[in-house]
Amino acid sequence: MTIAGGAPELQRIIRVRDGLAVAVGMVIGAGILRTPGLIAQYLGDARFILGVWVLGGIIAGLSTLLLAEMAAALPTAGGKYVYAKAAWGPVMAFIAGWAELLVTRGFSGASKAVVIAEYSTRLAGGGRIPIVAAAVVLGFAVLHLGGLKVGTRFQNFSTVVKILVLVAIAGAGLLAGDATGFSTPLAVAPEYAGLLGFALAYQAVSFAYYGWEDAAKMSEEVRDPGRSLPRILLGGAAAVATLYLLINVAFVFALTPAEMAGSPLVAEDAIAGVLGGAAGKAVIVAGLIILVSSLNVNFLGMPRVAFALARDGLAPRAFTRVSSRGTPTVALLFVTATILALAVSGTFEFLIRFMMLVAISVDLVVLLGFFRLRRTQPGLVRPMRVPGYPWVPALAIVLQLLVLVTIVVTQPVLAIGGGVMLGGLSVAGVVVAKREA
């Protein structure tokens, strides 16, 4: 089968294990490596630190339930863009799709490239972070021009390696630590006291969990999607939440919140503290492997969103061009340019704070679309249904809404910036939708 112009369509070759590698590989990356030091700085108490990770896991898990039902019922490329279109129409689809490309996944990919550059220069003893970050982004573009099979094979291998590495770090911290972190809280700086500290910590945690739905972007390439997608999405979310909680318990076993606060790589500090400096350097190398695996999924998922937008007339038609190896090549080049521009100009903390404000806003509308689809398309074949309807889906939405309100109230300047961007996308979406009509 072909699309316009005789080019090949996306190829349905992804198995459950490939999808799980994408799901876990996307989520576990810069977040678990780079954010624990920020979270300790914001909260200062081991109980609060672990509590916010548990909260993030609960919200991610509940949201995944809703998306799993929608993904199994609407198994086409694009992920949340597809569900926004089915529930709300082309304008909201435009906003969701372009917010994904320009902000949530663009900023995510850029933040990972920045952290890879930070760790690389730290290991090498110096170097210019923007230049290293740019080289990393361009390297991934070359890799994915090789085709979907190359990208998924790399993902499968690197995901296994990253899980083994993180389990080893967690084990070392638990076995060698003395749990002093639980009894030695840090006095939080006045600027982070109260609700702002929680909001900043949750933005960091939600960044670490973000990507739990990324495998859904590749629905059109998954074998038996009605059966496989729920397994991929729910299995990936459960695995990530378990591993995150385990490794954060290990951190507070090995270090106090004061020792964690502000550290760019708490894992290195924890291992160096119990096994020595050489082991700490090995953790930097391991961290780079983890980050490379995670960034790889940005280059797998984002071009599929651009492909879906273009196929529906909401992005340049050139984005639908797929190579004989299964890569949306023009879309890949656009994604590369977006991540490259952000990576050479942004700092990690700003990137994740802005990204999560926009991401949570868009996600809330997409999740509300779950109820709309249940009401407007009751006859839609749903291979998987969320249990506890309507209360379980309602809880997911209420929690997301409370978090969003907290972020907006505590960070009004950031909220204005996010509002301007979403407003601009709304106007553009109306214009494009009218043109297509």
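Each reported figure results from applying straightforward, stated rules to the coordinates on display, with no laboratory input. A quick note: this is a predicted structure, and the numbers were derived from the prediction, not measured. Using ideal geometry, Cβ is built from the backbone for each residue, glycine included, and neighbour counts are taken over all protein chains shown.
Worth pointing out:
- When the trypsin sites (Lys or Arg not before Pro) in region 328-437 are filtered for DSSP coil states and for at most 16 other beta-carbon atoms within 10 Å of their beta-carbon, the remaining sites are ARG385.
- Axis of helix 348-376 versus longest Cα principal axis of the chain: the two differ by about 40°, to the nearest ten degrees.
- Here region 156-209 yields Rg over Rh of 1.13, to two decimals, using C-alpha coordinates and the Kirkwood radius.
- As a ratio to 2.2 N^0.38 Å, the alpha-carbon radius of gyration computed for region 280-429 takes the value 1.29.
- By the Cα gyration tensor, the chain has an equivalent ellipsoid whose semi-axes, rounded to whole angstrom, run 34, 24, 21 from largest to smallest.
- Cβ-derived FRET efficiency at R0 41 Å, ALA337 paired with VAL381, nearest 0.05: 0.60
- Prolate/oblate/rounded label for region 142-273 (Cα gyration tensor, a/c 1.5): prolate
- Note on region 280-325: the C-alpha convex hull projects to 4.1 nm² when averaged across all orientations.
- Between 0 and 90 degrees, the angle of helix 329-343 with respect to the longest Cα principal axis of the chain falls at about 30 degrees.
- P(r) tail fraction, region 293-373 - alpha-carbon pairs more than 17 Å apart, %: 61
- Cα-based Lys proximity count in region 4-436, under 17 Å, for pairs eight or more positions apart or on separate chains: 6
- Translational D in µm²/s for region 84-173 (Stokes-Einstein at 25 °C, 0.890 mPa s, Kirkwood Rh from C-alpha pairs): 153
- Cβ-derived FRET efficiency at R0 30 Å, LEU399 paired with VAL427, nearest 0.05: 0.50
- The slack in the chain from ALA278 to ALA135, taken as 0.36 nm per residue of separation less the alpha-carbon distance, amounts to 48.8 nm.
- Against the chain, whose longest principal axis is taken from its Cα atoms, helix 225-254 shows a tilt of about 10°.
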